[in-house]
1. Going through 148, 153 one at a time, which residue ends up being within 16 Å of the ligand (Cβ to nearest atom) and open to solvent by 40 Å² or more (accessible area, probe 1.4 Å)?
2. When residues of the range 106-144 are filtered for being more than 14 Å from the ligand (Cβ to nearest atom) and over 16 Å from residue 90 (Cα atoms), how many remain?
3. Just to be sure, is residue 249 more than 16 Å from the ligand (Cβ to nearest atom), at pLDDT 95 or above, part of a helix (DSSP H, G or I) and hydrophobic (A, V, I, L, M, F, W, C)?
4. Those residues that are assigned to a helix (DSSP H, G or I), within 16 Å of the ligand (Cβ to nearest atom) and open to solvent by less than 80 Å² (accessible area, probe 1.4 Å), I need them from the range 270-324; list them, please.
5. Of the conditions (1) within 16 Å of the ligand (Cβ to nearest atom); (2) surrounded by 18 or more Cβ atoms within 10 Å (Cβ to Cβ), residue 171 fails just one. Which one is it?
6. Among residues belonging to the range 174-210 that are closer than 26 Å to residue 140 by Cα and hydroxyl-bearing (Ser, Thr, Tyr), point out the one that is surrounded by the fewest Cβ atoms within 10 Å (Cβ to Cβ).
7. Within the range 78-91, can one find any residue that is in contact (Cβ under 8 Å) with a residue 12 or more places away in the chain, within 16 Å of the ligand (Cβ to nearest atom) and of a type in the set (Phe, Trp, Tyr)?
8. Among the strands (runs of 3 or more DSSP E) contained in the range 129-244, which hold 1 or more residues that are within 30 Å of residue 29 (Cβ to Cβ)?
Amino acid sequence: MRPIKHIHGDKAPHWVGDGFYVKTLFNHLDNDPYFNHRHTDPFLLLDYGQPTSFAPNPNFATQPHGIGQHPHKGFETVTIAYAGEISHADSAGGCGIIQQGDVQWMTAGRGIMHEEFHSPAFGQRGGLFSMVQLWVNLPSAHKLTAPKYQTLKRHDLPIVNLADNKVGHAIGKAAIIAGEWQSTVGAASTFTPINMWDIELDNTGSTTLQVPNNHNILLLVQEGTLLINATPVSAGNLVQFAAPTATDFDINVANAQAAQASDSIELTYAKSSDDKQAPSSVKLLLLSGEPIGEPVAGYGPFVMNTQTELKQTFRDYQTGNFGK
Ligand code: MN
């Protein structure tokens, strides 16, 4: 079992533009010695917009809530819509509406400009809005890759049942956004090995997840309360697991034919029948990834490997050469 290293409690939310009220649960710019980029690599940043109510916007067509044109370079943004809708358009021609349950995987690569707004339909009606935006780093070999856009509709995501360890019936399910669970392969193509599983438990029991032993692992609890490796964790918390137990070196020297060794994580949920106020399920987002292990030089919307590359990116942006 991969032990829990720390449970990161609630954070104060802030606005991104006027449309996204998010808590930044980690950021590669943080320099906490116990929780910094080394512990989240290959993930750079996680913004969680917990369910927030928006009034109908009478100016939804001309002044939608959100953020207008802005650049990104050197990494990927992954947006998951849990409630509400996000409309997106970028300079590489990618555009679409991310509806409830959908995922947008945008590769900024050598440089992209985009805008992110509440969709016209959501702006007009208002209601509950909840999303995640994750920044995934690109290794130096792919940092300047051409921009790319993957639309992953909810029905494109393979769903696997999570079986109770004793009884064997399903106590919940996981949508495999990226990576692999048992022999089910996720919908997204990624540049480095990553697992991104959107998990829901709605029945009492215990189930065990297996994650490669050379991955960093993080688990966000979005709704409900459960035991993770026998430790109680409630909504709004981010679980940081101990460092990988194997390095790439260990894996390379192991028999190449042998299956990737894994670490387990045990999830135990007790559905409450008396407490009508309690959520009727637990929602979790599991993130794991093989650390890229390269230096990171980032500022604002740009994440490069060196300060020289970062300065050049700002010069390119100011002189109209961005993304070329
Ligand atoms: Mn953006």
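The values are calculated or read from the model by the stated rules, or taken from the named source; none is laboratory data. This structure is a prediction, so every number in the text was calculated from the model and none was measured. For neighbour counting, all protein chains shown are included, and Cβ atoms are generated from backbone atoms with ideal geometry for every residue, glycine included. Just the protein is used for accessible areas: all its heavy atoms, side chains included, with ligands, DNA and RNA removed. Shrake-Rupley method; radii C 1.70, N 1.55, O 1.52, S 1.80 Å.
1. Working: 153 fails: within 16 Å of the ligand (Cβ to nearest atom).
After applying the criteria, what remains is 148.
2. Residues meeting the conditions: 19.
3. On the way: more than 16 Å from the ligand (Cβ to nearest atom): yes; at pLDDT 95 or above: no; part of a helix (DSSP H, G or I): yes; hydrophobic (A, V, I, L, M, F, W, C): yes.
Taking the combined requirement at face value, the residue does not satisfy it.
4. Of the range 270-324, the ones assigned to a helix (DSSP H, G or I) are 307-318.
The next check asks that each one be within 16 Å of the ligand (Cβ to nearest atom); those that pass are 313, 317.
Passing the criteria: only 313.
5. Tallying (1) within 16 Å of the ligand (Cβ to nearest atom); (2) surrounded by 18 or more Cβ atoms within 10 Å (Cβ to Cβ), residue 171 fails exactly one: (1).
6. Looking at residues that are closer than 26 Å to residue 140 by Cα and hydroxyl-bearing (Ser, Thr, Tyr), I get 189.
7. Among the residues of the range 78-91, not one is in contact (Cβ under 8 Å) with a residue 12 or more places away in the chain, within 16 Å of the ligand (Cβ to nearest atom) and of a type in the set (Phe, Trp, Tyr), which makes the answer no.
8. Working: elements: 148-152, 159-163, 170-178, 194-201, 205-212, 216-223, 225-228, 231-234, 238-241.
Answer list for the range 129-244: 148-152, 170-178, 194-201, 205-212, 216-223, 225-228, 231-234, 238-241.
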